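The values are calculated or read from the model by the stated rules, or taken from the named source; none is laboratory data. Because the structure is a prediction, the values reported are computed rather than measured. Note that each Cβ is placed from the backbone with ideal geometry, even for glycine, and that neighbours are counted across all protein chains shown. Side chains included, ligands, DNA and RNA excluded: accessible areas come from the protein's heavy atoms. Shrake-Rupley method; radii C 1.70, N 1.55, O 1.52, S 1.80 Å.
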Amino acid sequence: MPARLAVVIVTYNSAGVLEGCLRSLPDAARGVTLAGVVVADNASTDDSVRIARESPVPVEVVDVGHNAGYAAGFHAGMAALDLARLDAVMVLNPDCRLLPGSLATLAAALDQPHVGIAAPRLLNPDGTLQPTLRREPTVGRALAEAVFGGERAGRIGTLGEQVYDERQHDHAGPAAWVTGAALLMSTRCLEQVGPWDESFLLYSEETDFLLRAADAGWSTWYEPAAVVEHIGGESGTNPALTALLVVNKVRLFRRRRGQPAAAAYYLFTLLGWGVRALAGRRNARAATVALLRPSRRPRSLAELSPAA
């Protein structure tokens with residue numbers, strides 16, 4: 001029997017990209033049963049909800065009520081599904097386009113023993129690779145990224161957390177964690193590992209879930225034969241989002257490691273962003289302030305810019 005899958009798309013002012021995402025689903029679902037598509041909307045003020053409701057693909061729209069973040073939107077979408085009738089659920093950014101057959105390829109990866117999450121190859125709109133593979137966060141990698149910068153460290157052996165080597169992205173296999181823009185998770189894994197942590201708001205919620213899944217015996221499988229085009233978000237250009245991303249990485253590391261290691265990770269992270277802030281980089285300055293002054297950290301997405 002074909003795998004029965006559902007897709008949850010979390011939106012916030014996503015009118016410019018949502019239609020393309022929805023239109024990609026029928027071809028992407030060749031070889032599986034697409035048992036439901038849910039758009040969980042985080043109180044968009046644009047035409048996102050109208051586009052979802054007028055989609056040629058049958059869609060159930062769930063109004064989250066406010067901009068509660070990625071994890072909260074995912075939970076609201078899952079609440080509209082009957083998980084007992086599903087084999088897996090995909091969480092999807094609205095700026096993703098799934099290529100034909102990609103869902104069946106990811107579903108096949110979940111048939112392997114102990115594989116609970118499957119992730120596709122991500123491409124930029126121009127067809128170039130968008131690196132998605134990540135290594136386990138460590139103090140040593142935080143130091144390497146402080147000294148060399150994240151991208152340069154990622155290109156030197158295994159120094160960096162992010163994997164930039166295109167050759168490694170050509171091969172299927174287990175990964176410590178991956179980008180959360182498009183993830184297919186088995187319902188068994190979801191039920192055993194438990195909910196995503198909504199307190200992260202954005203960034204690190206998928207990292208936390210994937211690492212907790214590994215703790216519970218579920219592996220994350222990277223499958224490059226499944227391809228998704230990802231337009232990409234604003235974390236690289238929006239200082240407030242960069243600050244949230246950096247703070248959440250430190251929070252997650254502190255949660256999983258002892259105090260000495262967490263302190264070293266924090267100091268090396270602060271060093272790296274602080275040096276770049278002195279060079280006049282706006283995003284680095286915002287990240288440094290957030291690391292040094294907890295009172296300046298956002299408590300809700302409403303505190304960020306409307307584009308968040």
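Matching residues to (1) over 24 Å from ALA216 (Cα atoms); (2) part of a helix (DSSP H, G or I):
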| site | (1), (2) |
| --- | --- |
| ALA84 | no, yes |
| ARG97 | yes, no |
| ALA107 | no, yes |
| ALA119 | no, no |
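Residues that are out of contact with any Leu (no Cβ under 8 Å at 6 or more places or on another chain) and assigned to a strand (DSSP E or B) were ranked within region 1-57; the one that is nearest to ASN67 (Cα to Cα) is ASP41. Under the condition of being more than 29 Å from GLU166 (Cβ to Cβ) and out of contact with any strand residue (DSSP E or B) (no Cβ under 9 Å at 6 or more places or on another chain), the residues counted in region 213-249 number 5. Could you please let me know if LEU183 is assigned to a strand (DSSP E or B), in contact with a strand residue (DSSP E or B) (Cβ under 7 Å, 6 or more places away or on another chain) and either open to solvent by 10 Å² or more (accessible area, probe 1.4 Å) or closer than 26 Å to GLY16 by Cβ (or both)? Answer is yes for this residue. Taking residues in region 172-192 that are under 11 Å from SER219 (Cα atoms), and partners anywhere that are open to solvent by 10 Å² or more (accessible area, probe 1.4 Å) and among the polar types (S, T, N, Q), the pairs with Cβ atoms closer than 6 Å and at least 6 places apart or on different chains are PRO174/SER219. Checked against (1) in contact with a Phe, Trp or Tyr (Cβ under 7 Å, 6 or more places away or on another chain); (2) under 23 Å from ARG297 (Cβ atoms); (3) open to solvent by 20 Å² or more (accessible area, probe 1.4 Å), ALA146 passes all but a single condition, namely (3).
Scan VAL89, VAL139, VAL115, VAL147 and give me the residue that is aliphatic (A, V, I, L, M) and modelled with pLDDT under 95. Lay out the reasoning, then the answer.
On the way: VAL89 fails: modelled with pLDDT under 95; VAL139 fails: modelled with pLDDT under 95; VAL115 fails: modelled with pLDDT under 95.
Testing whether each residue is aliphatic (A, V, I, L, M) and modelled with pLDDT under 95 leaves just VAL147.
State yes or no: is TRP177 buried (at least 21 other Cβ atoms within 10 Å of the Cβ), closer than 29 Å to THR33 by Cβ and touching a Ser or Thr at 6+ places or on another chain (Cβ under 6 Å)? Yes: the conditions hold for TRP177. Any residue at all in region 189-210 that's under 16 Å from ILE9 (Cα atoms) and open to solvent by less than 20 Å² (accessible area, probe 1.4 Å)? The answer is yes; a qualifying residue exists.
Residue count for region 149-163, restricted to those that are surrounded by fewer than 19 Cβ atoms within 10 Å (Cβ to Cβ) and more than 16 Å from the chain's Cα centre (by Cα): 9. Within region 50-82, restricting attention to residues that are at pLDDT below 95 and in contact with a Ser or Thr (Cβ under 9 Å, 6 or more places away or on another chain), the residue that is most open to solvent (accessible area, probe 1.4 Å) is HIS66. Only one entry of THR269, THR237 meets the criterion of being surrounded by fewer than 21 Cβ atoms within 10 Å (Cβ to Cβ) and more than 22 Å from ALA119 (Cβ to Cβ), and that entry is THR237.
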